[in-house]
Every structure is written in structure tokens, then in C-alpha cells.
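The structure under discussion appears below in the form of C-alpha cells.
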Amino acid sequence: MRSSVDMVRRLLAAGLVLAALWPAAAAAQNLSTTDVTRAIAAAAREANARGKPAVIAVVDRVGNVLGLFRMTDAPARVKVTSGRGIAVGNGLENVQDLFASLGLTASPSAELSAIAKAVTGAYLSSGGNAFTTRTASQIVQEHFNPGEFKSPSGPLFGVQFTQLPCSDLSVRFDTNAAVTGLVSATAGPKRSPLGLSADPGGMPLYKNGKVVGGIGVEADGVYTLDLSVGDFDNDIDEILAIAGQSLFPHPIDIQANRIFIEGKSLRFTDVNTTSLRTVPAAAAALPGNGALVALTGYTAGAIIAGQTFGSDASGFRPEPTLYAATGRRVFVLTDGTNTNRFPPVDSTTPSTAAGGLTTNEVTTIVVNALKIAFASRAQIRRPLDSHVQVSISVVDADGNILAVARTSDGPIFGTDTSLQKARTAAFFSSPTAGDYLTTYDFGAVTDTLGDLLGVPAGQNVTGDVLADYLTAVRRFIASDALANGIAFADRSGGNLSRPFYPDGFEGRPHGPFSKPIDVWSPFNTGLQLDSVIDNIAQHIAYVDTAGGFDDSDATCTYFDRFATNLTRLANGFQIFPGSVPIYRDGVVIGGLGVSGDGIDQDDMVSFLGLNDAGLALGTGVGNAPPGRRADNLTPHGVRLRYVNCPYKPFLASGVQNVCHGK
């Protein structure tokens, strides 16, 4: 059988795939301290003109908080709500009231909201797409577009719970050495205090066509989302963010509304600079009715310069040697001393009879996945016919990181997300996944929020019992589900995580990993959130130093907490497509996750990359046997999906149905 890599190799040899070998690095780009001051000053000037004091945050591309400014009388805290009337105790809905009911003064501060919005604007954007938190709102809800009935869920359904404060991949402002072993305080990707935000008011910042950071604003005191794209809102947070963002504009051709998914234009903002009452360029200094503020875990309270993406100090740099077989420029994550954080390694704790992955096998998997990406057409990137930009992660059966690599301009959010996806595929394909769902016990861990509040064993702070999800999936699929060795790709598990099954059809039952639609929202997704909500809540309490809480651990789920294996879902798990489990001779031994320029492309890069690596290796490594894949299951008479590959995906070939029969 001729592999996809054979075809890609011929295309590369013919010079048909875009760029020359090892293109020169772009000129250095970063936000200076003057840039940060100007962006904050412009937003604050507009806020003063409207009598709407705000908290304003600016971050660089890798999530370092460069400036955090609180105006006099800006809201102290935010109300978290989807606007759907869902009561407290359902995920993060009205979590501020949950804190109050527990006798705690802590709840999400306006600073946390502003930082999460700024990080989202920076992390979702790239040189080929400029996205905002309003764009995020459009693509994470139960319908795409929101408000359109009988339509599937958003293409990035669930992405809001990535970049979590408990992630073992995302690094921390003031505890890098203790938590991650990093030397540099500037290395990213930094975590977000509330995950990615869907509340308008977060935008990317660009210089000379390159994304260099993001700005986030919180003025209205409500952390929410837009339930419909059928109208245009006059959102104060978004207006103020535009004032700051207008000084660092994106190329108009990559604005979200120039990018289409399933024939639908994405939304960038509902207002523009014509709505402003001030001239942003006239704001040169911070106003007197406010001050820079320090925030535990995020900033010391001074304005600092941003990092240049691609420098070692940023935590991302080119790697010319390890993946040279791709023939293209590949980036890796670094620790601030020019050391690759996640080079290909052997699986040190193989937990299967088939043995773990070797360094050579891991390298071959990454190389083959990257080759597919470089040869493929991106879905959400301009100009048209750009190649796919992605992050790629490989883990073993225990969730240990075996390699992380990426193309040069993949959106930053995909780094943590690709790892979530790899771990999710490995976890849910494991015959021990069901057992793990019965061992969740945050409340028993000393010095955690759950322990101090006396949360009963097996419950999280909102009273959800994760073992109930195991009961639900066994009723929904089979009595031995999550113990019978069925292979679940992220698309399969995602099918089971929607508030309607099949996806998008009102009146149908909710998936067993989802909440029912009457209490479902992007702030209350089901198992995905319930497994990490204690960590998010503890982090909120930690940042509010009056509570005296420790920060959440760098592990997001408390399965098997007292055993040696804490890595299986250490940065949470993900429920939109882009991963496959890795098998050897019919036994799951790991997972491959991909995140970047389109979910079908993510599926294809993972599935075909692993297929072609298996052909190259000849060691029994490859995709799950076809008879064991989740698309053999038909719960409620509806077939689960495994992967969904684009029809004619390659830039220089008309080949069709590229995943069929593999």
C-alpha cells in the first residue's frame, strides 16, 4: 500500500508545497513597555469618556501578563452566567454564589476575567486568522451558529476548558521552577485563570502582520457569552477593547468574518472603531483615576515588555535537527535555557503487555503527522490554500508526555489542547477508564478546597459524583463500556458529550458525558468540567489571597490521587475532534493529539500521520483495529463517529477520501 507520506514526499520533491526549505526567521516582533502603556491608556480613555471604569489586561503571545490596570470604581468581581437562568450549583454557573454559600469571600475577580479574555485573543489568533472572544462564543455553543436550531454544536465545542490553571503543560508566573522545572520566568505558554473566554472584550494585538499579544477588558461585571449571532450587540467591554486594539491592528484579510466554516462567516466583533468616542492614538499615558495592580500568580504590578515569539525566552523556538525529515521548519517548547521541554522519549512506565513506545517510534509518529499537516489545506486560515498549522502531542498509555512539536504559526491554544486530546484518546480507549471514574476523590486530598470544605469522598464542590457518568455511559452504550477496549477518538467521545444525541437535534437525549439541556451551558458541560471544577475553584480562592488557600496542583483531575500515576488527564480532557489512540498489535499504548487549523484537518493529521508512521516502522504500531473502533457502535440507533477527514485535503493533489480503508 502506498502511504500518504509517499505522496507528500513526491510533492515536496517536486517543489509544489508552498515554502522553501528552512525559510529565514521573521524579524523580531514583540510588545514594548510603551506599546503596553498605549494600549491600556487608549482603552481607559474610552472608558472615562463613557463613565464605565474597567479593569484592563494586556498579555503577550505566550500569555505573560504585561500590564494589569484597575480604574477607580471598576467592578471588583464578576457574575459568571450564560444568561440562560441556570441555578447555582451547576458547574461554573453563578459560581460567585457558590463561594458565598460555602462561607468564602473569594469569587472570580474582574482581573481574572480581563486576563482570560486577553489570553484568549492572543491564543486563538495567528498570522493567518484574527479571532476574538466573540469568535470563541460563536464556536463553543450547542448549535453552530448559536440560536440556529437543528444544527450541530460549535466546531470547537469544549475548547473553553483548555489552558486551565491546573495544567501540567502551561507554566506559571511566579512558581515555574517549583512546578515545572522551568528556569525562565517568561517562557510560555502561560495558563489562563478561567480557561479560554467566550465573553466579548478580548482581542488580539498585531504588529506588522504578526500576532504579538492580546487585550482583555472587564467593565460590566458579567462574565458571559453571546447566545445569538442574529443581532449586533453594543457591548461595553468590546468597545473598550477595540480602543486599545485599534493601535495594534490585524491585517484585514485575516479578520474572523473573512473566514468561513461550513459556509458560515465567523464573527469578529459587533462594533468597530466608528463606535468610539475618543481618538485612541491621543492616549499616551495612563490616566490618574486608576493604577497598575499586582495579582497573585500573574503579575507583580509593573508594565513589562512582551517576548518575541520564536525566541528561547518565549518558550517556543525552531528545532532544526529532531524533525529535519519533514523538510520544513518545526518549533518545540523550551525551558528558558534553550532546552527542549518535550523531546521524543521512550515511554518509561509502559502499562500494557504490548510495551511502551520507543523514542524512534515517537519521532516517526510526529514526523509523519507533520508531513501530513504541511501538505494539507487549512480550513480556518488566510490566505486560501495555506497549509495546515498545528500543534502535535504524543503520550503513552499513562498520559506521560513523550513529545510535543508544532508548526511555526499554529495558534498557541493548540499546544495545551493537543495534549488534552492525546490524553483523552488514550484514556477513554483504556480498559481501566471506567475504574478511574470511580476513584475521583478531591475532598480527601490534604490542604485543598474540597478538603477544607469537607466535600464528601467521590464528589466535587458542586456535588457531582463522577461515577454517575460511568453508570450513564454503560446504560447508553453497553454494560461493559470503558472496560471493553473499544477505541475512542476525540470525535467519538465528543459525540457522547453533547447535550443532544445525535448532535444538534432538540428533543433527543443528552449524551452520557453531558448535562441535560435544561442545565447545560458552556459553563456546565458535564464530565469535562466536573472533573476539573475543584481545581478551577481552588485557583480562584488562591488568587484571592484573603482566603489563604494554596494554588491548585499541576494536575487537573484527582483520579487515583494517591498512586504514582497522576498524568492520565493532568491538563483536563477535550471533547472536540483531533486525536486517535495509538495501538500496537491490538493493545492501546498511547495517544496522538492534533490541534490547529480545522477539526477535520486535526482528525486527518492524527489518523493519517499514525497510519503512515505505522507503515514506515513495521513494529505493529498504528491505528486501532477497524473492528474495535467506536464507529462500530450505534447507541440509540445512531452510529458514533471515529474520525472525519476532508474530502480533497491536499494542496497539490486531487486525491479524495484519503482516510478510507485505513
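Here, each number is a calculation from the coordinates, and none is a lab measurement. These numbers come from a predicted model, not from an experiment. Using ideal geometry, Cβ is built from the backbone for each residue, glycine included, and neighbour counts are taken over all protein chains shown.
Observations on the model:
- Normalised contact order of region 277-336, rounded percent, pairs of Cα under 8 Å and 6 or more residues apart: 21
- Between Leu292 and Thr274, the contour length at 0.36 nm per residue exceeds the Cα-Cα span by 3.6 nm.
- Averaged over residues, the count of other Cβ atoms within 10 Å places the peptides 157-167, 96-106 in the sequence 157-167, 96-106, highest first.
- Mean Kyte hydropathy of -1.0 or more with a Cα span along the axis of at least 20 Å, helices from DSSP in the chain: 33-50, 359-375, 413-428, 599-617
- Modelled FRET efficiency - R0 35 Å, Thr339 with Ser32, Cβ distances, 0.05 increments: 0.80
- Between Leu453 and Asn644, the FRET efficiency from the beta-carbon distance, with R0 = 56 Å, is close to 0.85.
- Summarising the amide proton neighbourhood of Gly572: residues at separation of 5 or more, or on other chains, whose placed amide H is nearer than 5 Å comprise Cys556, Thr557.
- Translational D in µm²/s for region 61-219 (Stokes-Einstein at 20 °C, 1.002 mPa s, Kirkwood Rh from C-alpha pairs): 128
- Dipole magnitude of the chain, debye to nearest 20 (Cβ charges: Lys/Arg +1, Asp/Glu -1, about Cα centre): 1880
- Here Leu205, Leu453, Leu569, Leu276 are placed in order of increasing Cβ neighbour count within 10 Å, fewest first, which gives Leu453, Leu276, Leu569, Leu205.
- Filtered chymotrypsin sites (Phe, Trp or Tyr not before Pro), region 471-536: DSSP coil and at most 15 other beta carbons within 10 Å: Phe505
- Gained length - Asp468 relative to Ala300, 0.36 nm times residue gap less alpha-carbon distance: 56.2 nm
- His636 paired with Ala76, simple spin-label distance in nm, labels 7 Å along Cα-to-beta-carbon: 4.4
- Rel. contact order, % - alpha carbon contacts under 8 angstrom, at least six apart, region 44-100: 23
- With R₀ fixed at 30 Å, the C-beta to C-beta distance from Asp585 to Thr348 puts the FRET efficiency at about 0.90.
- Averaging the sequence gap over all C-alpha pairs within less than 8 Å and six or more residues apart, then dividing by the number of residues, gives region 205-325 a relative contact order of 21 percent.
- Furthest towards positive pole of dipole, Ala291, Pro344, Gly51, structure part the chain, Cβ charges: Pro344
- Calculated P(r) of the chain - Cα pairs past 50 Å, %: 5
- In this structure, the amide hydrogen of Gly526, modeled 1.01 Å from its nitrogen in the peptide plane, lies closer than 5 angstrom to those of Lys515, counting only residues at least 5 positions away or on a different chain.
- Measuring gaps between exposed loop sites in the chain (GluC sites (Glu not before Pro); DSSP loop; at most 15 other Cβ atoms within 10 Å), the longest gap, sites not included, is 263-505.
- Applying the Karplus relation 6.51 cos²θ - 1.76 cosθ + 1.60 with θ = phi - 60° to region 283-291 yields 3J(HN,Hα) values of 8, 9, 9, 5, x, x, 8, x, 7 Hz, where x marks Gly and Pro.
- Sparse packing (at most 11 other Cβ atoms within 10 Å of the Cβ) combined with a DSSP loop state is found for the following trypsin sites (Lys or Arg not before Pro) in region 229-296: Arg277.
- Residue order, fewest to most surrounding Cβ atoms within 10 angstrom, among Met203, Met71: Met71, Met203
- Near Arg629: Cβ cut-off under 12 Å, other residues only, Lys/Arg at +1 and Asp/Glu at -1. The net charge is +4.
- For region 475-562, the pair-distance distribution built from all alpha carbon pairs, in bins 5 Å wide starting at 0, is 3, 13, 16, 18, 17, 14, 9, 7, 4, 1 percent.
- Given their separation in residues at 0.36 nm each and the Cα-Cα distance between them, Asn657 and Ser101 gain 194.7 nm when the chain is fully extended.
- Residues Ile536, Ile115, Ile401 arranged by fewest to most Cβ contacts within 10 Å: Ile401, Ile536, Ile115
- Summing charges over all other residues whose Cβ lies under 10 Å from the Cβ of Leu66, with Lys and Arg as +1 and Asp and Glu as -1, gives -2.
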